[in-house]
Ligand code: SF4
Ligand code: MG
């Protein structure tokens, strides 16, 4: 099928004040491309600080990229007209990690859910109210919540409101940025299942951002692995978890705690050492300072993302010569 969302060589470079007057260039996102098909969930994973949220915010049009292009439903988003922008604002919604920060604390929930309808001049007063109540019930709450304030709700209830608010205008594409990371483990599965049900009912397309490999595994059809602003591996979820190719993906997977979703950062990733700063990227492969397979070429030359199997791509010199085994390449 034609992709719903196309991110084409996106970059987000910032000038950061440094010692000298010119400042230094922070490459938060650097040449990132990804196509998302209608109805699928692409998981975007990586350590915090690797640029996942920046990609998500660009995809949701909350941030203008400094380079690259975006297409939605085949149409260029980068220079959309104001009426196209209005449509896109309804079609594409963003759900934050902590919806509390995006919910005005002085408004009742009913008003907060009604707001996107009013903003888009949809429906009359009674119809808006009916839709708010129906949505509250759909996300597992009830009409009585319309009269409450955000601070009266638990974290899980607030995230239900965050999701409800995103869905009020009938979007097609949701960017979910760590939607369960702030929640208790017992509540996480409920919210993830709600997201899956809503997707099945409404044919939604998700870009699902998380640093948690268990959550990514549970939610994704395909997985994109990001490291220091770049896409380093892309594959179907089973191919990625059964046979991760990039050494960084391998480390992320071997770091999954057997105990479940509680542990945030595992021994194996910590053993890789510090994540370099995006302000002083290592030369060659950005992963070379932490990679157990790093060799001479890795310090000189950045690997390009290359197809290494059906729908499976990785950016690593180990896979550039067909037929050559990982071990041979690593020992070269
Ligand atoms: Fe490791 Fe080299 Fe591959 Fe980079 S290119 S991930 S340093 S083996
Ligand atoms: Mg983030």
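Nothing in this text is a laboratory measurement; each read-out follows from the coordinates by a stated rule. Because the structure is predicted, anything quoted here is derived from the model rather than measured. For neighbour counting, all protein chains shown are included, and Cβ atoms are generated from backbone atoms with ideal geometry for every residue, glycine included.
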Checklist entry - So how far, in whole Å, is the C-alpha centre of region 205-224 from the one of region 270-303? => result 25
Next on the checklist: Compute the angle between helix 82-91 and the longest alpha-carbon principal axis of the chain, please, reported from 0 to 90 degrees and rounded to the nearest 10.
Outcome noted: 90
Checklist outcome for this item: Semi-axes (Å, rounded, descending) of the ellipsoid equivalent to region 105-150 per its C-alpha gyration tensor are 16, 13, 8
Checklist outcome for this item: When 234, 195 are ranked with the fewest other C-beta atoms within 10 Å first, the list becomes 195, 234
Item to check | Order of 139, 45 - criterion: other Cβ atoms within 10 Å of each residue's Cβ, fewest first | outcome: 139, 45
Item to check | Expected-Rg normalisation [2.2 N^0.38 Å, Cα atoms] applied to region 55-111 | outcome: 1.36
Next on the checklist: Would you calculate the convex hull of the Cα atoms in region 23-127 and tell me its volume per residue in Å³?
Outcome noted: 171
Checklist entry - Rounded to whole Å and sorted largest first, what semi-axes of the equivalent ellipsoid does the C-alpha gyration tensor of region 134-177 yield via the square root of 5 times each eigenvalue? => result 19, 13, 8
Checklist entry - So what is the orientation-averaged projected area of region 55-196, using the convex hull of its C-alpha atoms, in nm²? => result 9.2
Checklist entry - If one puts a single equal scatterer on every Cα of region 136-280 and applies the Debye formula without solvent, what log₁₀ I(q)/I(0) results at q = 0.09, 0.15 Å⁻¹? => result -0.34, -0.86
Checklist entry - Between residue 16 and residue 130, what is the label-to-label distance in nm when each label sits 7 Å out along the Cα-to-Cβ direction? => result 5.3
Item to check | Packing-based ranking, highest mean first, of 295-301, 285-291, 95-101, 67-73 given that Cβ atoms within 10 Å are counted | outcome: 285-291, 95-101, 67-73, 295-301
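For region 123-221, divide the Cα radius of gyration by the Kirkwood radius and give the resulting Rg/Rh value with two decimals.
My calculation puts Rg/Rh at 0.97.
Out of the DSSP beta bridges found with both residues in the chain, what percent are antiparallel (nearest 5)?
60
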Item to check | Rough spin-label spacing in nm, given labels placed 7 Å along Cα→Cβ, for residue 101 and residue 87 | outcome: 3.3
Next on the checklist: Quick check: the angle from helix 155-167's long axis to the longest principal axis of the chain, C-alpha only, nearest 10 degrees?
Outcome noted: 80
Checklist outcome for this item: Rounded to the nearest 10 degrees, the helix 125-138 long axis (Cα) sits at an angle to the longest Cα principal axis of the chain of 50
Checklist outcome for this item: Restricting to Cα pairs under 8 Å and 6 or more apart, the percent relative contact order of region 65-154 works out to 27
Item to check | Whole-Å semi-axes of the ellipsoid equivalent to the chain (Cα gyration tensor, √5λ, descending) | outcome: 37, 22, 19
